[in-house]
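Enquirer: The structure that follows is given in the form of structure tokens.
The values are calculated or read from the model by the stated rules, or taken from the named source; none is laboratory data. Since we're looking at a predicted model, the values are computed, not measured. All Cβ positions, glycine included, derive from the backbone under ideal geometry; neighbour counts span all protein chains shown.
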Amino acid sequence: MKGPRLTVDVIVTGKEGVLLVKRKNEPYKGKWALVGGFVNYGETVEQAAIRECKEETGLDIELEKLVGVYSDPNRDPRGHVVSVCFLAREKGGILKSGTDAADARFFKKIPWEELAFDHARILKDAGVKG
């Protein structure tokens, strides 16, 4: 039986704004995106969110709340991918891009036109302005 793949997205907020990563790989190579990635077998979505943030940005986070579940079968060009999105705050670490990120930085003014996937919708659903 074939089913959708499970991912997490994380809206990380800090003193300097909202954390975005520049995608190193396709799809959407060179576009800005929320921190996120695929959930490993045996891992909770909460563990995946914390792990992905550390791998992609070097930052430690604390999850604050669930933003929503995004399940449109066409949201990812690689196939049917369901994402569980969390709001989190930065709590430590040193910001640096890693693994799938070509760059990682905080934005006070979101580059709305340069966002990957459905991340503009997710940010708006979370009430992020800028």
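Enquirer: Among all residue pairs at least 6 apart or on different chains, which show Cβ distances below 7 Å where the first residue, located in region 1-16, is at pLDDT 95 or above and the second is β-branched (Val, Ile, Thr) and assigned to a loop (DSSP other than H, G, I, E, B)?
Expert: As it stands, the answer is Leu6/Val39; Thr7/Val39; Val8/Val39; Ile11/Val128, since those pairs meet every condition given.
Enquirer: Of these, Asn74, Asn25, Asn40, which one is touching a helix residue (DSSP H, G or I) at 6+ places or on another chain (Cβ under 9 Å) and among the polar types (S, T, N, Q)? Steps first, answer last, please.
Expert: Working: Asn74 fails: touching a helix residue (DSSP H, G or I) at 6+ places or on another chain (Cβ under 9 Å); Asn25 fails: touching a helix residue (DSSP H, G or I) at 6+ places or on another chain (Cβ under 9 Å).
Going through Asn74, Asn25, Asn40 in turn, the sole match is Asn40.
Enquirer: So which residues in region 96-120 are without any contact (Cβ under 8 Å) to a residue 12 or more places away in the chain and surrounded by 13 or more Cβ atoms within 10 Å (Cβ to Cβ)?
Expert: Step one: of region 96-120, the residues without any contact (Cβ under 8 Å) to a residue 12 or more places away in the chain are 112-113, 120.
Across region 96-120, the qualifying residue is only Ala120.
Enquirer: How about region 73-95: which of its residues are within 29 Å of Lys2 (Cα to Cα) and surrounded by 14 or more Cβ atoms within 10 Å (Cβ to Cβ)? Can you show your working first?
Expert: The first filter runs over region 73-95 and keeps only residues within 29 Å of Lys2 (Cα to Cα), leaving 73-86.
Passing the criteria: Arg75, Asp76, His80, Val81, Val82, Ser83, Val84, Cys85, Phe86.
Enquirer: Quick test for you: out of Tyr28, Tyr41, pick the one residue that is under 19 Å from Val82 (Cα atoms), loosely packed, with under 15 Cβ neighbours inside 10 Å and among the hydroxyl-bearing types (Ser, Thr, Tyr).
Expert: None of the other options fit; the residue is Tyr41.
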